[in-house]
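Contents: one structure, followed by commentary.
The values are calculated or read from the model by the stated rules, or taken from the named source; none is laboratory data. Keep in mind the model is a prediction, meaning the values are calculated, not measured. Heads up, the Cβs are rebuilt from the backbone with ideal geometry, glycines too, and the neighbour counts pull from every protein chain shown. Only protein heavy atoms, including side chains, enter the accessible area calculation; ligands, DNA and RNA are left aside. Shrake-Rupley method; radii C 1.70, N 1.55, O 1.52, S 1.80 Å.
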Amino acid sequence: PRWWPRHNPILPVTFHNHSRIFTMASITMNTVGLKANFVGTKVSAKAAKTAAPVAKMVTKCGPYDAELIETANKIATAGRGILAMDESNGTCGKRLEAVGVENVEANRRAYRDLLVSTPGLGDYISGAILFEETLYQSKLDGTSFVDTLNASGVVPGIKVDKGLVPMTNSNNESWCQGLDGLADRCAAYYKQGARFCKWRSVVSVEAGPSEKALFDCAYGLARYAAIAQENGLVPIVEPEVLLDGTHTIEETYEVALKIWAQTFKCMADQGVMFEGILLKPAMVTPGADCPDRASPEKVAELTLKMLGNRVPPSVPGIMFLSGGQSELEATLNLNAMNQTPNPWHVSFSFARALQNSVIKCWAGDESKTEEAQKILLARCKANSDANLGKFEADGSVTDERTYEKGYVY
């Protein structure tokens with residue numbers, strides 16, 4: 001027919017997966033099998049003399065891809081989790097003032113020094129999320145906190161979002177700011193020694209949540225993750241489903257399914273490499289004011305069911321936030337999730353559930369530093385055991401709730 005080309009055409013075909021763009025070039029149509037009944041014997045014979053060239057595949061790789069994968073897997077190692085100590089100066093100040101310590105830089109530095117200098121911390125902690133001030137602070141002997149963590153085998157990380165603000169025309173919902181200037185900040189943090197980062201956005205079961213709040217949360221996290229990877233930082237992706245409210249565990253489950261579906265769709269659209277990210281979800285629990293509490297087994301069942309329906313096995317690690325649960329509750333729930341094998345490293349990224357007892361013991365008294373560090377190490381070991389599915393409550397872990405309505409970092 002007239003439309004049939006006399007020479008084999010070049011057919012560029014482009015297709016996508018979640019992390020990379022692949023291009024198939026120089027794909028030659030083989031007309032040999034069409035024979036005379038379609039193109040005539042002369043064309044068929046000519047085609048038979050020409051061997052089809054080998055198809056070539058070109059893969060687009062980011063400048064930090066190998067390092068990102070290495071870092072993510074270093075953090076997601078058996079028996080270890082993340083120490084979240086990235087509270088803003090204001091929030092850290094509230095913690096200090098609650099135990100009678102003035103909120104000044106020297107006291108914030110002293111408390112954070114206690115945390116990063118804890119002997120044996122690296123046995124149970126693989127990463128520590130820092131606030132910007134902390135990333136640039138040092139011990140009294142001049143050793144930077146970054147060097148102190150690295151010497152312990154703990155990867156330094158950094159909080160990069162600029163906090164939550166009210167969403168216009170919404171049902172008291174929030175959106176997270178900080179994309180402006182993010183690339184420059186990530187580059188500077190990488191230069192200072194950070195190798196992973198965190199961005200916290202939230203959705204409220206109590207508020208609906210609205211479709212625009214779900215999308216804004218997911219899209220913002222995806223843009224952040226792409227920018228972080230481009231600048232060498234492993235992004236922790238955290239669309240927190242808030243505890244605030246009286247909702248049931250089943251309602252939490254439904255909202256978690258929605259936000260994680262949107263988040264992974266947006267990350268795929270932005271070309272985020274899933275092998276180089278970590279997740280920080282909230283556990284699927286009832287609302288803080290729901291009268292029907294859930295057992296660790298029920299929390300584990302619905303949380304793992306939700307993750308299994310949304311998270312691909314290429315993601316190295318899932319590092320749960322404690323979200324205002326008591327120290328004991330968070331550890332028991334994590335332990336229940338590790339009673340059977342999971343396709344990902346299922347561990348912790350706790351702040352209050354690791355530090356609550358520590359700061360109360362220390363309370364600004366330098367003579368209590370060693371005792372407070374022993375408490376921190378015990379909390380880290382308990383959650384390390386939970387990551388391995390071997391935690392046994394012995395009465396030493398407090399069941400005091402750390403929940404705060406409308407909590408902000």
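Considering segment 251-266 alone, what residues qualify as being of a type in the set (G, A, S) and closer than 19 Å to P235 by Cβ?
Of segment 251-266, the ones of a type in the set (G, A, S) are 256, 261.
Within segment 251-266, A261 is the sole residue that qualifies.
Among the residues of segment 238-294, which ones are under 20 Å from S347 (Cβ atoms), part of a helix (DSSP H, G or I) and out of contact with any helix residue (DSSP H, G or I) (no Cβ under 7 Å at 6 or more places or on another chain)?
F274
Consider segment 104-132. How many of its residues are part of a helix (DSSP H, G or I), open to solvent by 10 Å² or more (accessible area, probe 1.4 Å) and within 27 Å of P281 (Cβ to Cβ)?
Number of matching residues: 3.
Answer with yes or no whether V101 is part of a loop (DSSP other than H, G, I, E, B), β-branched (V, I, T) and open to solvent by less than 20 Å² (accessible area, probe 1.4 Å).
Numbers: part of a loop (DSSP other than H, G, I, E, B): yes; β-branched (V, I, T): yes; open to solvent by less than 20 Å² (accessible area, probe 1.4 Å): yes.
When the stated conditions are applied, V101 passes them.
Pull up segment 149-176, narrow it to residues that are touching a helix residue (DSSP H, G or I) at 6+ places or on another chain (Cβ under 7 Å), more than 15 Å from E238 (Cβ to Cβ) and among the aliphatic types (A, V, I, L, M), then point me to the one that is surrounded by the fewest Cβ atoms within 10 Å (Cβ to Cβ).
M167
Provide a single number: the residues in segment 307-331 that are touching a Phe, Trp or Tyr at 6+ places or on another chain (Cβ under 7 Å) and part of a helix (DSSP H, G or I).
The total comes to 3.
I need every pair where a residue in segment 369-385 that is acidic (D, E) has its Cβ under 9 Å from the Cβ of a residue that is in a helix (DSSP H, G or I), sequence separation at least 6 or different chains.
E371/C361; E371/W362; D385/T331; D385/N335
Of the residues that sit in segment 177-214 and are open to solvent by less than 40 Å² (accessible area, probe 1.4 Å) and aromatic (F, W, Y), which one is farthest from W260 (Cα to Cα)?
Y189
Using beta carbons and a limit of 7 Å, which pairs, at least six apart or on different chains, have the first residue in segment 290-305 and farther than 15 Å from N338 by Cα and the second one open to solvent by less than 40 Å² (accessible area, probe 1.4 Å) and of a type in the set (S, T, N, Q)?
From residues that are farther than 15 Å from N338 by Cα, the pairs are A294/T285.
Would you confirm whether or not segment 367-378 contains a residue that is touching a strand residue (DSSP E or B) at 6+ places or on another chain (Cβ under 6 Å), surrounded by 23 or more Cβ atoms within 10 Å (Cβ to Cβ) and either over 20 Å from A128 (Cβ atoms) or at pLDDT 95 or above (or both)? Don't jump to the end; show me each part of the working.
First, the residues of segment 367-378 that are touching a strand residue (DSSP E or B) at 6+ places or on another chain (Cβ under 6 Å): none.
No, that holds for no residue.
Looking at the structure I just gave you, is K191 within 16 Å of the chain's Cα centre (by Cα) and within 23 Å of V160 (Cα to Cα)?
Numbers: within 16 Å of the chain's Cα centre (by Cα): no; within 23 Å of V160 (Cα to Cα): yes.
No, not satisfied.
Look through A256, A261, A226 and report the one residue that is at pLDDT 95 or above and in contact with a Ser or Thr (Cβ under 9 Å, 6 or more places away or on another chain).
Values: A261 fails: in contact with a Ser or Thr (Cβ under 9 Å, 6 or more places away or on another chain); A226 fails: in contact with a Ser or Thr (Cβ under 9 Å, 6 or more places away or on another chain).
Matching residue, one of A256, A261, A226: A256.
Considering every residue within segment 105-119, establish whether at least one is within 20 Å of W362 (Cα to Cα) and of a type in the set (D, E). It would help to see each step written out before you state the result.
In the first step, residues of segment 105-119 are kept if they are within 20 Å of W362 (Cα to Cα); the result is 105-119.
Adding the requirement that they be of a type in the set (D, E) leaves 105, 113.
Checked segment 105-119: at least one residue is within 20 Å of W362 (Cα to Cα) and of a type in the set (D, E).
Have a look at A226, A218 and point out the one that is at negative phi, open to solvent by 10 Å² or more (accessible area, probe 1.4 Å) and touching a residue at least 24 places away in the same chain (Cβ under 8 Å).
Details: A218 fails: open to solvent by 10 Å² or more (accessible area, probe 1.4 Å).
When all the criteria are applied, what remains is A226.
For the list (1) at pLDDT 95 or above; (2) surrounded by fewer than 24 Cβ atoms within 10 Å (Cβ to Cβ), I need the number of the one condition that F320 fails.
It is condition (2) that F320 fails.
Please find, within segment 335-357, the residue that is modelled with the highest pLDDT out of those that are assigned to a helix (DSSP H, G or I) and surrounded by 23 or more Cβ atoms within 10 Å (Cβ to Cβ). It would help to see each step written out before you state the result.
Initially, segment 335-357 is screened for residues assigned to a helix (DSSP H, G or I), giving 335-337, 352-357.
Next, only the ones that are surrounded by 23 or more Cβ atoms within 10 Å (Cβ to Cβ) stay: 337, 352-355.
Numbers: M337: 97, R352: 87, A353: 89, L354: 93, Q355: 92.
Across segment 335-357, the extreme among qualifying residues is M337.
Find all pairs meeting these conditions: Cβ atoms under 8 angstrom apart; at least six residues apart or on different chains; first residue within segment 144-158 and over 20 Å from C186 (Cβ atoms) and in a helix (DSSP H, G or I); second residue open to solvent by 10 Å² or more (accessible area, probe 1.4 Å) and of a type in the set (G, A, S).
Taking only residues 6 or more apart or on different chains, the pairs are D147/G193; T148/S117.
Does segment 278-290 contain at least one residue that is touching a Pro at 6+ places or on another chain (Cβ under 7 Å) and surrounded by 21 or more Cβ atoms within 10 Å (Cβ to Cβ)? First the steps, then the outcome.
Step one: list which residues in segment 278-290 are touching a Pro at 6+ places or on another chain (Cβ under 7 Å), which gives 278.
Narrowing the set further to residues that are surrounded by 21 or more Cβ atoms within 10 Å (Cβ to Cβ) leaves 278.
Yes, because at least one residue in segment 278-290 is touching a Pro at 6+ places or on another chain (Cβ under 7 Å) and surrounded by 21 or more Cβ atoms within 10 Å (Cβ to Cβ).
Mind listing whichever residues of segment 55-88 are at pLDDT below 55 and either within 24 Å of S126 (Cβ to Cβ) or not small (G, A, S) (or both)?
So the first thing to find is which residues in segment 55-88 are at pLDDT below 55, and the list is 55-59.
Residues satisfying the conditions are K56, M57, V58, T59.
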